[in-house]
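All of the numbers you see were taken from the coordinates with simple rules; none came from a lab. Treat the numbers as computed from the prediction; the structure is a model and nothing was measured. Heads up, the Cβs are rebuilt from the backbone with ideal geometry, glycines too, and the neighbour counts pull from every protein chain shown.
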Amino acid sequence: MAANVSTTDEQKDAIATTQLQTEVTNKPRNGADVLIQALHDQKVDIVFGYPGGAVLHVYDALYRNPIRHILTRHEQGAIHAAEGYARVLNKPGVVIATSGPGATNLVTGIADAMIDSIPLVVFTGQVATNVIGSDAFQEADIMGITTPITKHNYQVQDVNDIPRIVKEAFHIANTGRKGPVLIDFPKNISASVFDEALAESSREEELYLPGYQPNTKPNFLQIQKAIQAIGEAKQPLILADAGVLFADARQELSEFAEKYKLPVINTLLGLGSIHGQHELNFGMAGMHGAGVANDAIQKADLLINIGARFDDRLTGDTKLFAPNATIIHIDIDPAEIGKNIPTAIPIVADAKEALTALLKKDFEGPDTTDWLAYLYEKQHDTPYWYVEDEKEILPQQIIEMVHTITNGDAVVTTDVGQHQMWAAQYYKLNHDHQWVTSGGLGTMGFGFPAAIGAQFAKPDKKVITFCGDAGFQMTLQELALLNEFNLPVKVVIVNNGALGMVRQWQELFYDGRYSQSLMPVQPDFVKLAEAYGVKGYRINTLDEAHTILEEALNSDEPVVIDARVKQLENVYPMVPAGKSLDDIVGVKKF
Amino acid sequence: MKRVITVTVLNQSGVLNRVTGLLMKRQFNIESITVGHTEQANVSKMTFVVHVADETKLEQLVKQLSKQIDVLKVNDITEKSIVLRELALIKVVSPANLRHEMNSIVEPFRPQIIDTSKNVVTYQVVGQPDKIDAFIELIRPYGIKELTRTGVTASVRESQPIETPQLSILK
C-alpha cells in the first residue's frame, strides 16, 4: 500500500492515459470521435463552444481526444471569440454549440462573419434524424435559418461522410472569398459506429467540389488594361480593403504604391493593409472617413479598388460616387464586381496574385507629383479634430492616449458605434491583422469576446478592446474568461452613458429627441470587474487619465477601464446617409 | 424584363431552398420554376422565368447563383434559339350537348382529352406559355372548374443562328 500512496501525479496520469488508450482502441469509434479526429487532422488547436444535450457525444469524444476547448458563458461569446481568433490569424475559427437555442444563439455571429468574410467552421448539434421535423425538444431548423447567412452549410446524414464534410468545410471557409460554413450534426449520427474500412479509402480522396472553383489568378488581358489605365491616369487612387488582408498582400500593396507613387486610402475593414502612418496613406474613407480620403475619391480619375465591396457606408450615394474615375476592381468574388458601382476593368483574382502580376510588369507609371502635392495639402488642412473640453474628457483623447502608450502595436478590437469610428480614426495601426471590428453587420457586443479570441490567438500580444458602455453590457458575461485563463485583455470602456451613435443621429436628424438612447443607470463597472476577479479602474478626469491608462495598459493582467467621457461629443467628419461624399460635414472645426 | 434562366445543380438536399431563398433575399421575382433530373445521375436542372429590372440586376442574379457551392452552371438562355414548353391540365364543364362544339373549337391547339365524366372534361395542352394562355381564354366561357400549369421548362436548340461580328454590330 505504501507504494501506492507514494504514486506521483505524473504516474497517475500515465496510468490514466494508458487506460484511456486501451478503452479507445477497444471501442469502435463513433461519429463524434471521427469529428474530433477530423478537427485534429485540420490542425485545429482551439475550439470555442458551449455544450448541451445534442452535442454530449461530441463533448465526450473531446474528453477522450482533447483539443483545447474554451467554454464561454454564452454561445454568442463563443462565436465572436472565434471571429476575433480567425481575424488575427487569418485562418478558420471553430465553434461548437448544441441544437435549438445553442444554435440560434450563434446566428448573429454567423451573419457577422458572412458579411465581413471571416472564415469560420461552426458545428451545431441537432436532434436525432428520426425526430427531425417533429418539433422535438431543442429542435430548430438551423439549416433553413443559416442558409442565407453562411457560405455553405451541411447536415450530416451518414456517419461515414464526416471526414469528407469536415475537409470540405474547412476548404470552403478558408478559400476564395472566405466565410462561415456550418455543419449540423444530428445526435444519433454522432453516436453511430464509423466504418473504419471506408475511412482508409476516403482519407486520400481529393476534394470533389465541381460547383466551387474560385478563380485566384488574374486574367492577363485585364492586367494589361489596368496597366494602361494606370499609366494614363493623372490622379490615380488605390482603395485597399480587407481583400488585401485576407490575401496577406500588405507587402505587395506597399511595394506597388511606392513603386508608382500611388496614394492609398482604406475602408474601415481595410485598416492595417498599409502602415497607419505610411507617407502614401491618406486614411480611411467613407461616412466617418478623413476629409482628404473622401475628397481624393471624388477627385480621382482612376480608382483602383483592391478587395473592397463598395459598401454604402463607403460610397454614400452611388450615383455621385467617384464621378470622374475609371474604376478598376480587383476582387476574388466576381459577384462583387459591378454590384454597386459600374466597373470598367474587372479583375477577378486574389489580391496578392493580382498585385504580384502588376508588380512584375515594369511599365511607365503616371506622374503623380501634382496630385500628391494636392493631397498632402488637403491632408494638412483637414486633420481629424476635436475641441478640448475644460471639464470633461473627450473620447478621442482616450483613444489617442491608448495609441501613444501602446505605440500603435496592440491588437485592437472594437464594438460598434461612436467609439469604433474614433478608434478607426485615432488608433493608427502599425501592422496587418491587428484590427478586429464588426464592419458590415455592425454587431454590438462583438468587441469584447472578439478580443478574447484575439488574445488566445496571440498570447504574447497586447490586446485592447474599445467598447461602448452599452455594447459592453451585451456580452460582458465573458469577463469570467479573463479571470479563468488569466487573459491579459485590456477592456477600455468609452463610457458616455448613451448609445452614442444613435444619440448623435437623433441630435442631427431628429431635432435632439433622444428616444431610448440614454442609459442613466449603469452598473459600477469597476465593482463589476472585481466581482469577476478582474482589476477595475475608473477614469474621471483628464489629469488622471494618462497615469491610470499607463498603469493599466502596461499591466500583465486583465483590466477593465471605465473611462467617463463627454456624452454629447459627435463623430466628425460625417457624410449623411445616402448623400454624396461631397456633402461631407464637419471636415473642419466648427 | 423577363428572362429564362437555367440552373444546373448537384442534387443535394436543400438545394432548391438555397436557390429560391437566394432569389428572395436579393429581391428577384420568380414567375415560374420547374425542376427535374437530367441525363446525369445526381444532377438536376431548374428552369426559371424571372423578372429583372435591368442588365446589372441580371448580371447579379447570374453571379450570385453561380456562387452557390451546389450550383454547377447558370445560363441565361433568353437570347438563344430555344424550345420553351409548358403543360397545363384544364378541367372544364362540358355537358353532352356542348362537347362536340368545344372539341372542334379547341382542335387547332391539339389538346388531349385525358379524362372525361358525365359533365366534365379534362384537357391537357402542351406548348409555349402564350399558347396555353390563348387556350385558356378560348375555353374560359364554358366554365373552368380547375386549372393547373407546370411552369416553363426549356432546352437550347442544337443549331444556333451563326452570329458573325458584323451582325452583332448591326444589332
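Numbers at a glance
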quantity: Charge dipole of region B:1-142 about the Cα centre (unit charges at C-beta), most positive-ward option of B:Y142, B:V74, B:L84; calculated: B:V74
quantity: FRET efficiency, 1/(1 + (r/R0)^6) with R0 41 Å, evaluated for A:L56 and B:S159 via beta carbons; calculated: 0.10
quantity: Inter-centroid distance (Cα atoms) of region A:364-391 relative to region A:117-189, Å; calculated: 49
quantity: Label point distance in nm, A:D367-A:D543, each placed 7 Å from Cα along Cα→Cβ; calculated: 5.9
quantity: Listed residue pairs exceeding 27 Å between alpha carbons, taken from A:K178/A:K458; A:K225/B:K63; A:K217/B:K25; calculated: A:K217/B:K25
quantity: Relative contact order [Cα under 8 Å, 6+ residues apart], chain A, whole percent; calculated: 13
quantity: Only Lys, Arg (+1) and Asp, Glu (-1) charged, at Cβ; region B:83-154 dipole about Cα centre in debye; calculated: 160
quantity: Sites A:W385 and B:E55 - FRET efficiency at Förster radius 45 Å, r taken between beta-carbons, to 0.05; calculated: 0.55
quantity: Total charge dipole magnitude, the protein assembly as shown, about the Cα centre, Cβ charges on Lys, Arg, Asp, Glu only, Debye to nearest 20; calculated: 2040
quantity: Charge sum, other residues only, whose C-beta stays under 10 Å from A:N540's C-beta, Lys/Arg counted +1 and Asp/Glu -1; calculated: -2
quantity: Spin-label model distance (nm) - A:E484 vs A:A197, 7 Å beyond Cα toward Cβ; calculated: 4.4
quantity: Ranked A:D583, A:D556, criterion: other C-beta atoms within 10 Å, fewest first; calculated: A:D556, A:D583
quantity: Other protein chain Cβ atoms within 10 Å, averaged over every residue that makes up B:65-72; calculated: 5
quantity: Surrounding net charge for A:E139, when Lys and Arg each add one and Asp and Glu each subtract one, Cβ distance under 15 Å; calculated: -2
quantity: Sparse-neighbourhood loop sites, trypsin sites (Lys or Arg not before Pro) in region B:1-99 - DSSP loop, at most 16 other Cβ within 10 angstrom; calculated: B:R26, B:K80
quantity: Order of A:H275, A:H380 under a 10 Å beta carbon neighbour criterion, fewest first; calculated: A:H380, A:H275
quantity: Exposure proxy order (Cβ contacts within 10 Å, fewest to most) of A:L207, A:L482; calculated: A:L207, A:L482
quantity: Trypsin sites (Lys or Arg not before Pro) restricted to DSSP loop in region A:553-590 with at most 13 other C-beta within 10 Å; calculated: A:K588, A:K589
quantity: Dipole axis of region A:504-588 (+1 Lys, Arg; -1 Asp, Glu on Cβ), positive-most option in A:P573, A:Y514, A:G586; calculated: A:Y514
quantity: Loop GluC sites (Glu not before Pro), region B:36-97, which have at most 15 other Cβ atoms in a 10 Å radius of their Cβ (DSSP); calculated: B:E39, B:E79
quantity: Alpha carbon centroid spacing (whole Å) that separates region B:23-92 from region A:251-284; calculated: 42
quantity: Diffusion constant of the protein assembly as shown at 20 °C, which comes from Stokes-Einstein with the Kirkwood Cα-pair radius and 1.002 mPa s, µm²/s; calculated: 73
quantity: Convex hull volume per residue for region B:31-171, taking Cα atoms only, in Å³; calculated: 174
quantity: Taking region A:438-551 and dividing mean pair separation by its residue count, relative contact order in percent (alpha carbons under 8 Å, at least six apart); calculated: 21
quantity: Simple label model, 7 Å out from Cα along Cβ direction - A:Q224 to B:A96, nm; calculated: 8.1
quantity: Residue-count net charge about A:V88 - beta-carbon cut-off 9 Å; Lys, Arg +1, Asp, Glu -1; calculated: +3
quantity: Reachable aspartates and glutamates, given that their alpha-carbon falls under 12 Å from the alpha-carbon of A:K234 and they are not under 8 places away in the same chain; calculated: A:D301, A:D367, A:D370
quantity: Modelled FRET efficiency - R0 56 Å, A:Q522 with A:N215, Cβ distances, 0.05 increments; calculated: 0.65
quantity: Partner aspartates and glutamates for B:K45 [C-alpha distance under 15 Å; skip if fewer than 8 residues away on the same chain]; calculated: B:D70, B:D76
